Amino acid sequence: MKLEASPIQFGTDGWRGLLGVDVTIERLLLVALAATEEMVFRNKGDLSKKVIIGYDRRFLAPEFAEAIAASVRACKLEPLLADVPVTTPACSWAVVENNALGALIITASHNPPEWLGLKIKSPRGASVDQDFTRAVEKRILLKRRISPVVDQTQRFCCRKNHLIGLKRKFDIPALVKGIKKLGLQITVDAMHGSAAGCIQELLGSDSDGFLKEIHTTRDPLFGGNAPEPLEKNLSELILATRTAAKSGRPALGLAFDGDGDRIAVIDESGRFCSTQVLIPLFIEHLAKARNCPGCVIKTVSGSDCIIAIAERFNREVIECPVGFKYIAKEMLRKNVLIGGEESGGIGFGNHLPERDALYAALLLLEAIVQGMQSLGVRLNNLANYIGSSFYDRIDLLLADNKTRLRFEEFLRRDPPSIIGSKKVRQVILIDGCKLKFGERDWLMFRFSGTEPLLRIYCEAPTINDLQRTLGWAKELVLSI
C-alpha cells in the first residue's frame, strides 16, 4: 500500500487522495486556507462574506468539514455548514442562493472508499477553473499559516433548500400523474451516497406505489465498491429493474454516484445507459419539446452521436478537454443548451453551470412521461433517427509514474498511424491522444487526473470492431 503522500495537486475536479496518507487534517487545513484566501483575493466586493461548507457520507467527512470552518473564520469570513451530508450540486445551489464567495466540499466523489478530498466551487456555483487551482497550489507552497478560529459554526438546511429549488423547476404533480398513467416502476440506487432519499422527497408520498430505493444507508465502505455508477457496480439495480419489468409494466433504474453529481440509468430490458446515450435524448427533449436555446458542449471523450443529434437541431457543438470545469467555463460565457461528459456528469443551461444528477433524473422522467414511451423504446427510436454506434472505456492501473511518462512520450513523439486495418485520419490532442478513423470510429488514450490510471476510450460501428480495437490498444500499452 502507498504510504508516502503525493504532492498536493488538483485534478479534473478538486484535490483527492488516500485518506490518512495524501489527505490528512493538517494538509486539508492548508488547502482550505489557501482556497479561502484565493476566494477573498478574487472577490470584487459584490459578494457576501459567506462560504458554503458541505460534505458527503465518507469516513471522517463530517468531522473534516467542521474543522475547515475554523480556517474560513480565520480569514474573517462566515462559514455556513450543511446540517446533514449533501450532494455536491446542493452546495453549488447554496452558493448562488446565498450570494456566497464559493463552497468547500469534503468529498472524493466517485473514487474508492479509502479516498477523500476537497472540491471548490466558484461564486456562480461552478467548479473553479485551472487558473484558480494553480493559484491555490502556489499559495500552499508558501506554507502560510493562520491560527484557526474555533467557534460555533452556523448550520443550514443545504439539502432541503436544494430539493425545494428543484421542485420549483418542474411540475411535480403532473410528473407523478404521468408516471402513474404510464405504469412506470422506478428503482433508485443511491450507492450509499448523499443522494439517498432525494428522489422520494422530490416526488412526494404519492410515489410510494411506483418508487423504491436501494443502498440508502450510510456506509463509508460503499458496499465494497467505488460509488461510481458503472455497469459493473450496478448488478443489484439491473436485477431489480429486470424483475420489475417482468410484471409487464415499463421499468426504470436510476443510479447516482457518491456525491450526487453523476447519473447512469437502466432501461426496462436491463440495459445500462450511460450519459453517452442519455445526452442525445436530452438534446432532443430540450430542443424539441421544451424549445430551449443554446449550443451543445461535449468533452473530447464523448460519443459522436452527440454531434449527430445536435446537428439535426442546428446546434453548435463545442468540444473541450475532459473535466466538467471546462464545460462550466463555456456555460459561464455562452448560451448553452446542455453540457455533458461520458463519465456521468451533465449540466443544463437553464439550471446551474454544474452537474446535477437529481435535476437530470427529473428531466429524464419528464421526457419519458411526455413521450409516453419507456426509455428503451425512446432510445431505440432515437438510434433509428440518428444512427448508432458502440462505445466503451477501460481503465488500466499503471505500474508506476515512469510507465506513464514513457507512454506519454511515445504518444507525443510518434502516435500510431495505422491500427489493425484502420488508417488514422486525424490526431486530436485536446486532452490525451485521440485517433480518429472516421465518423463514430475512434480510439483515445488519456491519463486520469485524480487516479493512477490510463483510460482508453473507443467508439466503433460494430461491437466486434469495438472489442478488437480495445484489445489492440491494451496490447500497445503493454508493449511500450
Largest first and rounded to whole Å, the semi-axes √(5λ) derived from the alpha carbon gyration tensor of the range 390-479 read 21, 14, 12
If each part is reduced to its alpha-carbon centroid, the range 192-270 and the range 381-457 end up apart, in Å, by 30 Å
For the range 305-352 the trypsin sites (Lys or Arg not before Pro) that pass both the DSSP coil test and the at-most-16 other-Cβ-within-10 Å test are Lys334
Zone reached by a paramagnetic label modelled 7 Å from Lys423 Cα along Cα→Cβ, restricted to the range 443-480 with backbone N below 18 Å, covers 443
Charge tally for neighbours of Gly165 with beta carbon under 12 Å away, counting Lys, Arg as +1 and Asp, Glu as -1, is +3
Neighbours of Leu237 by Cβ distance under 15 Å: Lys/Arg at +1, Asp/Glu at -1, summed charge -3
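Assuming R0 = 41 Å, what is the FRET efficiency of Leu332 and Leu221, from their Cβ-Cβ distance, to the nearest 0.05?
In this case the efficiency is close to 0.65.
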For Lys138 and Phe170, extending 7 Å from Cα along the Cα-Cβ vector and measuring point to point gives, in nm, a value of 4.3 nm
Residue-ordered couplings for the range 128-140, obtained by feeding phi - 60° into the Karplus form 6.51 cos²θ - 1.76 cosθ + 1.60 and rounding to whole Hz (Gly and Pro as x), are 5, 7, 5, 4, 5, 5, 5, 5, 5, 4, 5, 5, 4
Flagged as over-length at 26 Å C-alpha distance, from Lys288/Lys434; Lys119/Lys474; Lys49/Lys325; Lys119/Lys334; Lys49/Lys121; Lys49/Lys167, the pairs are Lys288/Lys434; Lys119/Lys474; Lys49/Lys167
Here the net charge surrounding Ser417, from other residues whose Cβ is less than 11 Å away from its Cβ (Lys, Arg +1; Asp, Glu -1), is +2
Karplus-derived 3J(HN,Hα) from phi for the range 425-441 (6.51 cos²θ - 1.76 cosθ + 1.60, θ = phi - 60°), whole Hz, x at Gly and Pro, runs 9, 7, 10, 10, 10, 4, 7, x, 9, 10, 10, 9, 9, x, 5, 6, 8
Rounded to whole angstrom, the alpha-carbon centroid of the range 1-22 lies from that of the range 308-354 at a distance of 29 Å
HN-Hα couplings for the range 3-15 via Karplus (6.51, -1.76, 1.60; θ = phi - 60°), in whole Hz with x for Gly/Pro, come out as 10, 10, 5, 7, x, 6, 9, 8, x, 5, 8, x, 10
Computed over the chain, the relative contact order (Cα-Cα under 8 Å, seq sep at least six) in percent reads 13 percent
Here, trypsin sites (Lys or Arg not before Pro) of the range 366-456 satisfying both criteria (DSSP loop; at most 14 other Cβ within 10 Å) are Arg425
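Values quoted throughout were computed directly from the atomic coordinates according to the rules given, and no laboratory measurement underlies them. Quick caveat, the model's predicted, so the values are computed rather than measured. Neighbour counts are summed over all protein chains in view; Cβ atoms, including those assigned to glycine, are modelled from backbone coordinates with ideal geometry.
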